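Report on the structure given below.
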Amino acid sequence: MLLEKLFKEFNVDVNTFNSADSKRFDQYFERILVKKNTFLIKEGELEKYSYFIFSGIARCWTLNHKGEEQTFWFCKEGSFSLSNISFTLQEKSTFNVQALADCEMYRIDQDQAVKLYEAIPGLKEVFDDLTARLLNRLLIRNINLIKFSPEQYYLQMMAEYGNTFNSIPLKDIASYLGITPQALSRIRKRIF
């Protein structure tokens, strides 16, 4: 169930692993319900879990040089939280990850992750590929901030996030686009 959703999000062949491996994968994760506004991790903390977002959305943010919250990424349904960076590297997080809606998540700790990689041959290589794909998405986001106007980027976000887009507060979308909420309001008036 989890692998299929993850592979769909990253356009990976769902037949990479058989159904027995897929079921085995799920068994290593603990299902949790996360309430809106809950922090998965705060800046300066060390992540104890890797979170898979089954439903809902979370935002990654930090304080900018003015002391204002700056959203730089949304962890959407079918992907892992970016707090996975702290989890994988075992270094303190340099940003916050916060649920924007009530979420259904699955989490795994370090011990279970080691056992999971041992239980499913080839999984580590596939996850290395998924990590490269995520890094590419982050790079594309930075390039798109240069190439596209906030209005063009807003339209791309609407298409990319689908119904989940409605769960993102406008102030966070504006922050993500690097504009004020007032500028976003003007863009929305032109579009709608």
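So the values come out like this:
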| quantity | calculated |
| --- | --- |
| Residue, least open to solvent (accessible area, probe 1.4 Å), within the stretch 147-192, restricted to residues that are within 20 Å of Asn64 (Cβ to Cβ) and outside any helix (DSSP H, G or I) | Ile168 |
| Hits in the stretch 101-124 (condition: closer than 17 Å to Ile41 by Cβ and among the basic types (Lys, Arg)) | Arg107 |
| Per-region count, the stretch 134-192, residues closer than 24 Å to Leu6 by Cα and either among the small types (Gly, Ala, Ser) or in contact with a Ser or Thr (Cβ under 6 Å, 6 or more places away or on another chain) (or both) | 4 |
| Subset of the stretch 104-147 (residues that are among the aromatic types (Phe, Trp, Tyr) and within 20 Å of the chain's Cα centre (by Cα)) | Tyr106, Phe127 |
| Any hit, the stretch 39-62, residues being of a type in the set (Val, Ile, Thr) and farther than 22 Å from Gln110 by Cβ | yes |
| Any chance Asp102 is touching a residue at least 60 places away in the same chain (Cβ under 8 Å) and open to solvent by 90 Å² or more (accessible area, probe 1.4 Å) | yes |
| Near pairs, Cβ below 7 angstrom, 6+ apart or cross-chain, from the stretch 128-152 (closer than 14 Å to Tyr176 by Cβ) to any residue that is open to solvent by less than 70 Å² (accessible area, probe 1.4 Å) and hydrophobic (A, V, I, L, M, F, W, C) | Pro150/Leu177; Pro150/Ile179; Pro150/Ala183; Pro150/Ile187; Glu151/Ile187 |
| All strands (runs of 3 or more DSSP E) inside the stretch 1-87 with 2 or more residues being among the charged types (D, E, K, R) and in contact (Cβ under 8 Å) with a residue 40 or more places away in the chain | 30-34, 69-76 |
| Whichever residue in the stretch 1-48 is under 14 Å from the mean Cα position of the chain (by Cα) and farther than 22 Å from Asn136 by Cα and, among such residues, is least open to solvent (accessible area, probe 1.4 Å) | Ile41 |
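The values are calculated or read from the model by the stated rules, or taken from the named source; none is laboratory data. Small disclaimer: the values here were computed from a predicted structure and weren't measured. Please note: Cβ atoms are built from the backbone with ideal geometry, for glycine as well, and neighbour counts cover all protein chains shown. Ligands, DNA and RNA are stripped out before the accessible areas are found, and what is left, the full protein with its side chains, is counted by its heavy atoms. Shrake-Rupley method; radii C 1.70, N 1.55, O 1.52, S 1.80 Å.
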